[in-house]
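The values are calculated or read from the model by the stated rules, or taken from the named source; none is laboratory data. Being a predicted model, the structure only gives us computed values, none of them experimental. All Cβ positions, glycine included, derive from the backbone under ideal geometry; neighbour counts span all protein chains shown.
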Amino acid sequence: MTVFRRRHAWLGALVALALVFPQLAAWLGQDFYVAFASRVLIWALLASSLNLLVGVGGMVSLGHAAFYGVGAYVVGIVATEAPQLSAALIAWPAAVAVSGLLALAIGAISLRTRGVYFIMITLAFAQMLFYVFVSLKAYGGDDGMAIARRSALPGLNLADEATFYYVVLALFALCLYALARLTASRFGRVLAGIKDNEARMESLGYATFRFKLVAIVISGAVAGLAGALMANLNTYVSPNMLYWDQSGTVLVMVILGGLGSLWGGLAGAGAYLLFEELATAVTPHWQIGLGALLLGVVFFAPAGIAGLFARRRR
Amino acid sequence: MNEILLETRGLAKRFGGLLATDAVSLTIRRGECHALIGPNGAGKTTLVGQLAGTLAPDAGSVLFAGRDVTAYAAHKRAALGLARSFQITSVLAGFSVEENVALAVQAVSGSSFRFWRRVAAEEELSTRALAVLRSVGLERAGGRRAGELSHGEHRQLELALALATRPQLLLLDEPMAGMGLEESQTMVELIAGLKGSHTLLLVEHDMDAVFRLADRISVLVAGRIIASGTGDEIRANPEVRSAYLGEEDAL
């Protein structure tokens, strides 16, 4: 009972902080941090989508930036080619759909491999797409492209940082809830079973390939949403969003936050970006510190930051 | 009893220069307990792999329940009712014992492409899982992590996983492997209890168990079936006696 209550106390405090954050930042005269908080939430969404693949399904992908970047480019291209369609209700679902379809294609090929080969083939696909966008001169080539304004959402002014933040927060909460349901569902249990012992799952009669493919499509679609939101936050997209260091960053976030844990994506993205924010003020070589942090987590808290909380709760 | 459930025709598998399966034609009738014996290296596990679909034969065919399943992947054969237990324990180590079996039950009760409803709240899965656990004597271990079980309990869980899919045919690959005397006795009793209600293919080293349990026995030597018959026929077969590595005491 106390476990239950303490857990809800944590959750309640977190939700309350998230809800009043823009007012809090304004009151402290730190408006800049509202956009920062949106950035954290978008990365958290991206990391949570990857966590479904890596943490739950055991498929270590180093090409997640492909789905994220393509989602962002969908918003950018729609804004340039068909500004009348750049309503959030059209452009964002389009980004989700295109990234999901891309994940279907990449997944159908990559999932024929396992382990290190899966890492390499997902990396290769993402790098190919990176070069595709570098060479797309019509959309800025390697300079990327600026987006004139954020997508339009009826009744809301997304140019306002606080409004945009709340939209991102709502979408993040919705996706996290859906991921929680999915993880605890029949499908989620099969996925976890495949991670544990794929040969056994095959011999029980599960067509594991199909389950893994559906997981990649869901994961890629959510990553596409994260990309669409990031394109809106920055009003700018560039091929760098598809570059492999982005895939690496989000993988680091997942490991930092907690593989397979529901809150791992948020904890990892929050810790990573906060650390970056604070440490870059001290030294441009902040990634040395990040490396130390990652080593510490891998050796002393293999369940990640979210795992530390889980253990204390128990 | 006379209906043929599983049949292989001229099955062959070669690993480099080694002919691990050599023109194996085997028939298993519905309802029987058929034992496959043979000295170490005879190719028993290779043959089981080809029956279960984890290994593709180079030649020949596998027929199951009247259907040619040679080209079917392991999961497709399993879905048709061909369940196997592994010689080397293979369970979901990170799952609880009950979750292991519930996942096996889930494989044969409706679509698993359900994304919203909590699987832990599906009572029919846990009810059936508990019933299967009871039938193998693991009902008290349901809440434990499968990775923490003793060797004997692992073997029982292996059997439970295979049983939970309500198979037409159970391929038991050395269910007694590595067990102590007492654990073996328990396993023999368990398998004896399955006879009649299940069709079994038992791959086993323990000759006492084989002669006790099997209705028919096939002897595999160097990839070839050299004899098939009842226990008495096998015992009396001179070719078996001479080929079986001089282990006459065992027979």
(request) Give the residue that is nearest to A:LEU251 (Cα to Cα), with candidates limited to residues of segment A:1-53 that are among the aromatic types (Phe, Trp, Tyr) and without any contact (Cβ under 8 Å) to a residue 60 or more places away in the chain. (result) A:TYR33
(request) Sort through B:GLY110, B:GLY66 and tell me the only one that's surrounded by fewer than 16 Cβ atoms within 10 Å (Cβ to Cβ) and within 14 Å of chain A (Cβ to nearest Cβ). (result) B:GLY110
(request) Being of a type in the set (S, T, N, Q) and within 30 Å of B:VAL108 (Cβ to Cβ) narrows it down to one of A:THR183, A:THR163, A:THR122, so name that one. (result) A:THR183
(request) Identify, from the list A:ALA72, A:ALA103, A:ALA108, A:ALA126, the residue that is more than 25 Å from A:PHE209 (Cβ to Cβ), at pLDDT 95 or above and among the aliphatic types (A, V, I, L, M). (result) A:ALA72
(request) Answer yes if at least one residue in segment A:284-294 is within 21 Å of A:VAL60 (Cα to Cα) and not hydrophobic (A, V, I, L, M, F, W, C), and no otherwise. (result) yes
(message) Take the conditions of a type in the set (A, V, I, L, M) and either touching a Gly at 6+ places or on another chain (Cβ under 6 Å) or at pLDDT 95 or above (or both) and apply them to B:ALA107. Does it pass?
(response) yes
(request) Could you identify the single residue in A:ALA170, A:ALA178, A:ALA207 that is over 30 Å from B:VAL97 (Cα atoms) and modelled with pLDDT of 95 or more? (result) A:ALA170
(request) Quick one: count up the residues across segment A:152-189 that are away from every other protein chain (no Cβ under 14 Å), touching a strand residue (DSSP E or B) at 6+ places or on another chain (Cβ under 6 Å) and not in a strand (DSSP E or B). (result) 1
(request) Evaluate the following for B:GLY10: is it at positive phi and assigned by TED's automatic domain parsing to the domain that holds B:GLY229? (result) yes
(message) If I filter segment B:187-222 down to residues being among the polar types (S, T, N, Q) and crowded, with 18+ Cβ neighbours inside 10 Å, which single residue comes out as farthest from the chain's Cα centre (by Cα)?
(response) B:SER218
(request) Check whether at least one residue in segment B:86-97 is more than 7 Å from chain A (Cβ to nearest Cβ), polar (S, T, N, Q), within 21 Å of B:ALA177 (Cβ to Cβ) and surrounded by 21 or more Cβ atoms within 10 Å (Cβ to Cβ), and report yes or no. (result) no
(message) So B:LEU169 ticks every box in (1) under 23 Å from B:HIS34 (Cα atoms); (2) among the hydrophobic types (A, V, I, L, M, F, W, C); (3) over 16 Å from the mean Cα position of the chain (by Cα) but one. Which box is left unticked?
(response) (3)
(request) Looking only at segment A:172-230, count how many residues are within 22 Å of the chain's Cα centre (by Cα) and either within 28 Å of A:TYR73 (Cβ to Cβ) or among the aromatic types (Phe, Trp, Tyr) (or both). (result) 30
(request) Take segment A:95-114 and flag every residue that is in contact with a Leu (Cβ under 9 Å, 6 or more places away or on another chain) and surrounded by fewer than 19 Cβ atoms within 10 Å (Cβ to Cβ). (result) A:LEU104, A:ALA108
(request) Would you kindly identify the helices (runs of 4 or more DSSP H) lying entirely within segment A:193-299 that contain at least 1 residues that are aromatic (Phe, Trp, Tyr), away from chain B (no Cβ under 13 Å) and surrounded by 23 or more Cβ atoms within 10 Å (Cβ to Cβ)? (result) A:264-282
(request) Inspect segment B:164-184 for any residue being part of a helix (DSSP H, G or I), at pLDDT below 95 and in contact with a Pro (Cβ under 8 Å, 6 or more places away or on another chain) and give the result as yes or no. (result) no
(message) Let me confirm something: among A:ARG5, A:ARG39, which residue is at pLDDT 95 or above, surrounded by fewer than 23 Cβ atoms within 10 Å (Cβ to Cβ) and not in a loop (DSSP other than H, G, I, E, B)?
(response) A:ARG39
(message) Cβ contacts < 6 Å: first residue away from chain A (no Cβ under 12 Å), restricted to segment B:115-141; second residue among the hydroxyl-bearing types (Ser, Thr, Tyr) and crowded, with 17+ Cβ neighbours inside 10 Å, any location; separation 6+ or different chain. Result?
(response) none
